[in-house]
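Read the structure below first, then the notes.
All of the numbers you see were taken from the coordinates with simple rules; none came from a lab. Keep in mind the model is a prediction, meaning the values are calculated, not measured. Every residue, glycine among them, receives a Cβ derived from its backbone with ideal geometry; neighbour counts consider all protein chains shown.
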Amino acid sequence: MSDTSIRTCLRLEHWPDPDRLLWERITTFDTILDDGLMRAALWRAPTRQRVIRCYGRWLSFLIAHGELDPAEEPARRITLDRVRPYVGLLQEQVTPWTAWSYTLSLWCMARNFAPEQDWEWLYRIVAKLQIRRYPHRDERSRMLGASSVANWATAELGRLNTLPSKDTQTALAYRNALMVAMLIHCPLRLRNLTMIRISRHIRLIGDRYSLHFEPGEVKTNRFLSMMLPAELTGFIRDWLEGWRPLLLCRQDKDAF
C-alpha cells in the first residue's frame, strides 16, 4: 500500500456504480417544490467539485485498505470503525483545516445518501476537527497592518517600473505586487481573483479601474462591484501595456 494511493482522490468517473448513480440522483435539480429534492441539488458548482474531490479521497482510502466492496450501498460503508482510521490518517497527512474539510464533505454525502439514518456520531467528529483546525500559535502578532502592506506594494511597483530592463521574472514580481495592492484595497476570494478577465471583470471608469462580478461568479450569489483607488490606475495600466505581454503565450488571451 503506497502513500500515493492513500493520498489519491478517486475521480468521479471511476467511482463504483452505486456511488456514481446515487451522486447523480441527489444532485439532480427538477423543481424547488419537488418533495424528493436533496440538499446536494442546491449546491453550487465549486461546492460540488470540493465534495467530489473529498469523497474521492474516502473511496481511495477504502481501496487502499481493501475495504471497498463496489456492490455495497455507499451509506453502509460509512461506519465508525472505518471513519476513525480514515480521520487519523488525514490528521497525519494534511493540515487540520483540510482534515476538517474532508470529513465535513463525507458527512454531507452521508446525510444526502441516507437522510433517514442518524449521522450525529459523524457530525461530532466533524465538530471536534473544526475546533482543532485553527492554529494555536498567535499568528496575528506577525501580521502587518493594511496600510503597511499597501505602502510596500506601491513602493515595490514603483521600484520595478524603474528597472532598466524587463524580463519574465521581474514581470512575475510586478504581477505579485500588483495583486497584493489590489487585494489590500478590494479583498476578493482567490476564485474571483483568478477569474478576472479584461473588459468583462475589470474596466476603466474615468480615472479609476473597477471590478465587476455576476451573481453566478460570487459565493454569495449577488452582484459584486468594487472601485480600485486612483493611485493604482497607473500601475494597472503599466501592467496591461508593458508587463503582462511578457508573460503571454498568446496575444489574444484576455486573462488579467
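See the values below:
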item: Cα-only Debye scattering, the chain: base-10 log of I(q)/I(0) at q = 0.07, 0.12 Å⁻¹; result: -0.38, -0.92
item: Whole-Å distance, taken between Cα centres, linking the stretch 162-216 and the stretch 54-84; result: 43
item: By average C-beta atoms within 10 angstrom, highest first, the peptides 237-244, 143-150; result: 237-244, 143-150
item: q = 0.15, 0.23, 0.24 Å⁻¹: log10 I(q)/I(0) that the Debye formula gives for the stretch 136-190, counting C-alpha atoms only; result: -0.52, -0.91, -0.95
item: Ranking of Ser225, Ser141 by count of other Cβ atoms within 10 Å, fewest first; result: Ser141, Ser225
item: Relative contact order [Cα under 8 Å, 6+ residues apart], the stretch 3-132, whole percent; result: 29
item: Histogram of C-alpha separations across the stretch 3-132, 10 Å bin width, %; result: 12, 45, 35, 7, 0
item: DSSP-loop GluC sites (Glu not before Pro) across the stretch 111-198, with at most 12 other Cβ within 10 angstrom; result: Glu116, Glu139
